[in-house]
Structure formats: structure tokens, C-alpha cells
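See below for the structure under consideration.
The values are calculated or read from the model by the stated rules, or taken from the named source; none is laboratory data. Because the structure is a prediction, the values reported are computed rather than measured. Cβ: placed from backbone, ideal geometry, glycine included. Neighbour counts: every protein chain shown.
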Amino acid sequence: MRIILLLAALLCLPMPVAAIDWPALERELSESAAEMVEGRKAGGVGVAVIADGEIRLLQGHGLADRATKARFTVDTPVPAGDVSRLATALIAMRLVEAGRLDLDTAVTTLAPELRFTGATTEPDSLRVRDLMSGHSGLTANRLYGMYRKPGDAIPPDPLAAPLLLVHEPGMLGLDSNLAWAVLGRVLENVSGRDLDTLAAEELAGPLELSTASFQRPPNLSSAHRKAKPEPALIARDRPALGFVASTADLARLLQALIAAEGGAGWGYLDAASRSELWRPQNAGVALDVGNEAGLAFELATSVRPGVGRVAILSSTYPSFRAEIRLLPEHRLAILAVSNWRESGEVLYDWIADATDRVLEAKAGIPPREKERPLPEAVPMPAGADTDSLAARYVTPIGLMAFTEEDSGRYNLGLMGLDFRADLRDDGWYGLRFRLLGLLPLKLDFVSRVALRPVRIDGRRVLVAWAQDRHFLLGSPLPEQSTAPFPDDLIGRYRLVNGDALADQLEVEDVEVLAEDGWGWIEYELPFILTLAPRIALEPIGNDRLRIAGFGPNLGEELRVIREGGKVQLEFSGYLLEKR
């Protein structure tokens, strides 16, 4: 019997993995990275793999500038975009270790000059930790002036105006550039040093980084859009988006987070500070529907046995992309950056494939199942109760309108496109795209998404399931607004203060209309298919409107300006004037 038990125990142990043939693996990953730019008439990419404290792969491919034919190397600086948040978070953790900062201190204590308005009457509940974990409750962006072209005037500081809280701090995860701008102000206040000095003394200096800075260097990579080079835009909110670094410097930064004892980067942060970056900060936040947030990192726990937690950071800076995957349990980090607008999908695929190849070689973990179909029974979010399907939901991407065709079968209108939503046996609705509103087509990415109305914390919300995760989309739209929509606001509006971001989105005018007891704003986004979002507007007084609903990126306010016989709407800094 003991022999049987011993054999059973041995069979349950992980199978030993042969020593990794790093040169062969590096060649394979290098070839796949080169394929990303070959034949695409694109720009360049930089890639890195850091395993067990060592940089195993560090390469650049393609061009930093198609006009001059300058090569994209590992030392080519690029705008890091959202990866800036990791740089800012590392500065914050250095100040924590130095005893200058406590993450649970109220922001109003550390930056009393800031003013807050909106949903909360108690801004003192906003902590530094909330800024770093995406739970500040602050509106996502001050869009106008968010990016500018070299030579353009520097836009006003959004922190000089009252900051809008669209919901209570800690209630719901919301990606906010303004939260990181506030953190930058806090770091400057508690340290007595400006952001550039902090970056030099707390980041670039200790890690011996040669290009890492919140300043724009003269040899910055060009951006590429539709195969044409153009100067990289400049970000206003530097703690959120303005960090610049080369692939080599970003690799050294990640190396410090998984450093081997005595190796490069060891001692930059202590073990507790490093692990705090990827410790879930939002336990108990039911409306996050199971999605975990670290400090700067988005977190996910892989469904594959043995993979464990993955810390994710993605950036979509205009015409630049960046992807980071950090797997703490395997002491593995993988990085890819690019300088052309259309690289998002290929960059993501390279990161995912490279992660699979290293995990397979390092730990014997089989590769992920690509294009994973919906499971037969999609799980409910924790703490959620079943709800009936409403006719209309407001979401960050516009109105979702459900019209019943047969029992359990609905037509779904979204952004000017038509879908079919069919009730599944598990209570979720599966989707199909309808070409020209008539022919149901099984597009893979749509068929792997499911929707379900639920109640969480007493709120009626619509959630989605995609890529093995839940997402909160929005809330039902009531039959009618609580106040009538002003007639003088109805009409077509033109943008009168365009900027670099508006040029990127190619939005020039919008239409405001009243229908079904609500005000609506409609506009077009010219992508592969023309998308036409429809956003519900709710009057909140004579001179203000609010984007209706509860959910991520909902609750933003618009100011109504009536002067000199003209009617204008001010939205996130943009001025729209009625024609």
C-alpha cells in the first residue's frame, strides 16, 4: 500500500524540465520579432525577455524613421505612453521606502491646493493608493491639450481647475490620466523636488538608465501612421504618459523588479515594495467584477495551471504601442514596443507567443489555446444576481439597444452597427455581427463575447465575458430623463478648438438631438467600418449636462455656454459651437 501511495505522490509532482536552450529560443523569438516589421512598410520594434534576473533577449528591428532610414535599435528612445505609470509608481515606492510617503494618506492632506467637485462630498476619502490602483473616482481625462505637436503652445494645467469625481473613490476601477497627474503633484510636494529631478535621482541614476526621462530627447523615434513618418506628439500629463525610454532602459527597469540576489538591479526596491506593485489592491470591490488591479499594473490570474498571476501594462500612445507582461512566480518579464500606429495586434500576438514559448521551455507549461471559444457555462461575477434584460443600456462606447425578434433572440444596435444576441442555456447572450443589418456572420472575435444583465451591490448593470474575464459595460437607461432637454441645444455643432488628439481621431463635428425623452450626442469615427456612437445626455441645471449612466467613463459633465447669441458646449476642454 505504501508503494502505491508513493507512486501516486510521485505522479502528482511536476515533470522535470530539461535545461533551456537559450540560444535556440532567442533565435526563434528574434526571427518572429523581425517578421513583425518585414514587408509591412512600417516602422520599428524593440523586444526584450528578462528571465531569472538576466536579460536573455534584447533587440531592435526595423526603422526609427522611414524618411531618413535610421535604424530602430535597443537604444532608440520612444514615448513610453502608459508605461509612464510604472516609472511614476517606482518613484512613489522609493519615497515610501525613504519614509517620505504613506500610500494610505489622504490626497487632500498632501496636495491641499487641489480642488474637487462632482459625485463625492468627501474628497478626503481619496488616498494615494487609490490614484495608483485606478480607483480614484476621478474622470478619465482632460482631453483637450492631452497631446500637442512640437512647437504648439503648452496647454493649461488641468490640475488648476476643479477635478471632477464621477463616483466615490474606491467604488469602481476607472483608468484616469488625471489620477496620475495628481500623483505627480503629490510626489513633488512630499519630496520638495520636481518630476524631472525625481526621475533622475530615484530612477535613472540608481538603475544606470541612459535615456529614461520625462523630457523629450533630440533623437526620439519618429511616429509612423499609414507608413508615413511624423514627429512624435508630446503628452501633457507627464506622470501618466510622458515618460521616454529606450527598449534597453525599459528592460533594465523590469530587470530590477525580478532581480536575482546580487544581480543587476538587486536592491533598487526591497521585496515588499516589489510585491506590492502586483498585489491586488481592490479586494472586495464587487463592481470590478473580479478584475484585479495592482499599483500601475492590471492583474490577471491565468486559467492555465502553473502560470499564476500575470501583471500587465499596455500603452496606446498615438502611433506608438507598448506591451509588458510580468510573471512574478516565474521571475519572467517580456517587453515589446513599436513606433507605428497599426502595430497593436501584431505586438500583442508577439508578446503572447513569446510568453508561451518561454513558459514552455522554462516550466513545461503547454501553450495557451488561441482563439479560445466561449465555455459552455460562462460563470457569473462574484456577488452578482440575475436581472432581466433592459431595452437600452448606456456604455462608454455608446447606446446598446435591444429589440426582441423572437423569444430569447434580440437585435442589438451599437455604434451604428447591427448584431444578433441569442439567449444561451447558461443565461448569457451570445453575439453575432449582422452585415448590412441582415446577414448574421460568425466573426470570431464577436462570437467569443457574451453579455448578461445582472445586479451587483444593488445596481443594475450589463456585464460582458471575453478572454476569460468579466467586464462591466454600463447600466440601463431609464425610460425618460428626470428633466426635459433644452430645445436650444438641438442642432449640429462644429469643433472650434481642434488639437493634435482631435486630428488623430478625425472628429470635426457632432449632432445633438432630443428623442425618447433624452438628449443625445452623435458623431462618426472613420475606421475600417464607420462607427457612430450615440451618447445619452442628462440635464443637471440650466448650464450643465451629464453623460448618463453608471460605469467606466460615464458621468462626465458638459458645460453649456450661451453668449452673444451663440450656443457652445464645452466637453473635456473641447469647444463645440452650434452652427
One residue from THR197, THR247 being without any contact (Cβ under 8 Å) to a residue 12 or more places away in the chain and either touching an Asp or Glu at 6+ places or on another chain (Cβ under 7 Å) or not aliphatic (A, V, I, L, M) (or both): THR197
Residue in segment 339-347 that is within 19 Å of ALA33 (Cα to Cα), in the same structural domain as SER136 (by TED's automatic domain parsing), of a type in the set (Ser, Thr, Tyr) and surrounded by 20 or more Cβ atoms within 10 Å (Cβ to Cβ) present: yes
Only listed residue being under 22 Å from ALA48 (Cα atoms) and not basic (Lys, Arg), chosen from GLU360, GLU371, GLU376: GLU360
Selected residue [closer than 21 Å to ILE234 by Cα, hydrophobic (A, V, I, L, M, F, W, C), surrounded by fewer than 24 Cβ atoms within 10 Å (Cβ to Cβ) and in contact (Cβ under 8 Å) with a residue 24 or more places away in the chain] from LEU110, LEU159, LEU174: LEU159
The lone exception for GLU515 - which of (1) in contact (Cβ under 8 Å) with a residue 12 or more places away in the chain; (2) surrounded by fewer than 19 Cβ atoms within 10 Å (Cβ to Cβ) it fails: (1)
Those residues of segment 525-570 which are hydrophobic (A, V, I, L, M, F, W, C), part of a loop (DSSP other than H, G, I, E, B) and free of Cβ contacts under 8 Å to residues at least 60 places away in the same chain, in sequence order: PHE527, ILE528, ILE540
Number of positions in segment 98-107 that are surrounded by fewer than 15 Cβ atoms within 10 Å (Cβ to Cβ) and aliphatic (A, V, I, L, M): 1
Yes/no for GLY265 being within 15 Å of LEU203 (Cβ to Cβ), part of a loop (DSSP other than H, G, I, E, B) and touching a residue at least 60 places away in the same chain (Cβ under 8 Å): yes
Members of segment 557-567 found to be surrounded by fewer than 18 Cβ atoms within 10 Å (Cβ to Cβ) and farther than 14 Å from ILE540 by Cβ, listed by number: ILE561, ARG562, GLU563, GLY564, GLY565, LYS566
Residue in segment 421-428 that is more than 24 Å from the chain's Cα centre (by Cα), in a strand (DSSP E or B), among the small types (Gly, Ala, Ser) and surrounded by fewer than 17 Cβ atoms within 10 Å (Cβ to Cβ) present: no
Any hit, segment 502-509, residues being in contact with an Asp or Glu (Cβ under 6 Å, 6 or more places away or on another chain), touching a residue at least 12 places away in the same chain (Cβ under 8 Å) and outside the structural domain of ASP237 (by TED's automatic domain parsing): no
Test: ASP194 is in the same structural domain as ALA64 (by TED's automatic domain parsing), exposed (fewer than 15 other Cβ atoms within 10 Å of the Cβ) and closer than 26 Å to PRO112 by Cα: yes
Residues (closer than 30 Å to GLY265 by Cα and hydrophobic (A, V, I, L, M, F, W, C)) located in segment 331-345: LEU332, ALA333, ILE334, LEU335, ALA336, VAL337
Test: residue in segment 99-109 that is at pLDDT below 95 and either within 30 Å of ARG225 (Cα to Cα) or assigned to a loop (DSSP other than H, G, I, E, B) (or both): no
Residue that is within 22 Å of ASN497 (Cβ to Cβ), part of a helix (DSSP H, G or I) and hydrophobic (A, V, I, L, M, F, W, C), where the choices are LEU95, LEU159, LEU143: LEU159
Residue in segment 119-131 that is closer than 30 Å to LEU250 by Cα, in contact (Cβ under 8 Å) with a residue 60 or more places away in the chain, buried (at least 18 other Cβ atoms within 10 Å of the Cβ) and charged (D, E, K, R) present: yes
Top-ranked residue in segment 215-272 [being of a type in the set (S, T, N, Q) and within 30 Å of ARG148 (Cα to Cα); ranked as farthest from the chain's Cα centre (by Cα)]: ASN219
Test: residue in segment 210-217 that is assigned to a strand (DSSP E or B), surrounded by fewer than 24 Cβ atoms within 10 Å (Cβ to Cβ), assigned by TED's automatic domain parsing to the domain that holds GLY344 and modelled with pLDDT of 95 or more: yes
Matching option when the condition is on the phi > 0 side of the Ramachandran plot and either modelled with pLDDT of 95 or more or in the same structural domain as GLY118 (by TED's automatic domain parsing) (or both), among GLY491, GLY565: GLY491
